[in-house]
Amino acid sequence: MKINYKNILIALVLSAGLTGCTKDFDEINNNPNKLEFVAPGTLVTPTVYGMATYFTVRSNDFTWEIMQDGLANPSAANGIHRYYFTEQSGDGTWNNCYRYLRNIREMESAAINGNTKLPVYEAVATTLKAYIAGILTDSFGDVPLSEAMKAEDGVDQPVFDTQEKIYTDMIAALEKANIQYTDPSEMNGNDLLYNNKKDKWRKFNNSMLLRYILRTSKRANVYAKIKTILDDPEKYPIFTSNEDAAILSITGLSPYDYAWGRRQDYVNFTAMASFFVDNLNTLEDPRRPFIMTQATELVDGKIVPIGYKGIPAGHSGDLSSITYSPSTPNGDLMYPEAVGTPIKELIMTYAEVEFIKAETYNALGLTAEAKSAYEKGVKASIEQYGGALPANYFDNPAAAFDGTLERIMLQKYLSLFMVDYQQWFEYRRTGFPKLPKTEFMLHDGVMPTRFMYKNEVRRFNPDNYAKAVQQMGGDTFHTKVWWEK
């Protein structure tokens, strides 16, 4: 029987446990034919596919603009690239994160409470929960987690966990999951990501552990802790190649449709941004043709390619001085001409792990190790697209490792293209890359650091919302989350 994962009926949560049935209603409507537990393996693919597809689109319509990868064109007013946020800017992120956290909770419950205990699926649930909860807390700060989605238990006004607690719990859970993956129990569900190879899941788990430890670099001396993990690959296996990376291969054939409904929805009315394109040009980077088209100019009545050129983010809206048609997204990256051709949706890349290693070694004064990791990260990112690293790539002074965090972070920024909100998060952590500002950007050119809480949260959970605002220090676009302070 063919299963349509897009239509699997799983209870959806649009706000964190803010509504629910009463106890009496649950008792009256007890269905004797209802399955108490689902097989946890049946929830892996719909959860992974749904999460990856949603954040692939969000990387395009949010991260591209705020991090100057690309922008809507034309863009006469407002726009994320001018730092235009509204109170609703984060609603979709909030809704979808809790939607998939509900799936993950069902997976975890089935693994723990089912007829047969399945530690490996408990570990998978932990890994996926860390992935989605990390995006949630990094987007908003303090959020309900420990009491979230418990309306059926009478908790319809959940407390907001501090981000510090969320990170502490998340890191501890990933450490526990690393051990659970060694359990002899096998995976036997439909696994679109790793085809039931739990050694790959374990590497994903531990690679995210590195991500989250590093994310707290302003709050603790994390580099020695990361090096301890790197020095013990037997205990902490991590990504060592693009084949290990958490990358979904999507065919565009039902039920695994591409993230966009049509090729033109991805390509049209979008231009690449000057900052992103100019950096790739300076590097003479082989990733360019995979990501974008060449700009064109009208010469003697003929359309002539003129290389890769973008338009500035944060512009006034008047582009009359630009005489060329800028580079646009290469449709083949996300919606090939021949439907059925696989594309990649990025959850976490191997390149990111190498750049985590590069930053760690650099901070510890291990220059040779930092240089090696930096170059492996660049190579991995280029090969991820199907390109090849030119033999002379690092002869270019703009590409050569120079021992600075800024150089590492520029290449990490390029490698995080299309990876949910990670460019935004890492910019907030480090201040790199140095993005150009314009007088047309809102908030005096100061980038927003978070989304505001949903209006429904303020209305239906007012006491806990008020406590969250107090412990966060506000609920504005520029309220800093714990790890930023």
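The values are calculated or read from the model by the stated rules, or taken from the named source; none is laboratory data. A quick note: this is a predicted structure, and the numbers were derived from the prediction, not measured. Quick reminder, even Gly has a Cβ in these numbers, built from the backbone with ideal geometry, and neighbours come from all protein chains shown. Side chains are part of the model used for accessible areas, which takes the heavy atoms of the whole protein and leaves out ligands, DNA and RNA. Shrake-Rupley method; radii C 1.70, N 1.55, O 1.52, S 1.80 Å.
As for region 466-484, it holds no residue that is touching a strand residue (DSSP E or B) at 6+ places or on another chain (Cβ under 9 Å), open to solvent by less than 40 Å² (accessible area, probe 1.4 Å) and among the hydroxyl-bearing types (Ser, Thr, Tyr).
When restricted to residues that are open to solvent by less than 50 Å² (accessible area, probe 1.4 Å) and among the polar types (S, T, N, Q), region 237-255 contains 3.
The requirement of being in contact with a helix residue (DSSP H, G or I) (Cβ under 7 Å, 6 or more places away or on another chain), open to solvent by 10 Å² or more (accessible area, probe 1.4 Å) and not polar (S, T, N, Q) is satisfied by Leu389. Among the residues examined, Ala177 qualifies as open to solvent by less than 30 Å² (accessible area, probe 1.4 Å), hydrophobic (A, V, I, L, M, F, W, C), without any contact (Cβ under 8 Å) to a residue 60 or more places away in the chain and within 28 Å of Val38 (Cβ to Cβ).
Residues in region 183-236 that are loosely packed, with under 13 Cβ neighbours inside 10 Å and part of a helix (DSSP H, G or I): Asp199, Ala224, Thr228. For region 470-485, the candidate set comprises residues that are part of a helix (DSSP H, G or I) and under 25 Å from the mean Cα position of the chain (by Cα); within that set, the residue that is nearest to Met447 (Cα to Cα) is Glu484. Do you know which residues across region 56-83 are under 27 Å from Glu108 (Cβ atoms) and either open to solvent by 10 Å² or more (accessible area, probe 1.4 Å) or in contact with a Ser or Thr (Cβ under 9 Å, 6 or more places away or on another chain) (or both)? Scanning region 56-83 gives Val57, Arg58.
Tallying residues that are farther than 27 Å from Trp64 by Cα and touching a residue at least 60 places away in the same chain (Cβ under 8 Å) within region 444-471 yields 10. Taking residues in region 200-219 that are modelled with pLDDT of 95 or more and of a type in the set (Val, Ile, Thr), and partners anywhere that are part of a helix (DSSP H, G or I) and open to solvent by 10 Å² or more (accessible area, probe 1.4 Å), the pairs with Cβ atoms closer than 7 Å and at least 6 places apart or on different chains are Ile213/Ile171; Ile213/Lys225.
You will find that of Ser59, Ser75, Ser109, Ser89, the residue that is under 19 Å from the mean Cα position of the chain (by Cα) and farther than 23 Å from Ser249 by Cβ is Ser89 and no other. The single condition from (1) in a helix (DSSP H, G or I); (2) open to solvent by less than 30 Å² (accessible area, probe 1.4 Å) that Glu369 fails is (2). Considering region 123-136, and only residues there that are free of Cβ contacts under 8 Å to residues at least 60 places away in the same chain and not small (Gly, Ala, Ser), the residue that is least open to solvent (accessible area, probe 1.4 Å) turns out to be Leu136. Taking the criterion of being crowded, with 20+ Cβ neighbours inside 10 Å and of a type outside the set (A, V, I, L, M, F, W, C), the residues of region 345-366 that qualify are Glu345, Thr349, Tyr350, Glu352, Glu354, Lys357, Glu359, Thr360, Tyr361, Asn362.
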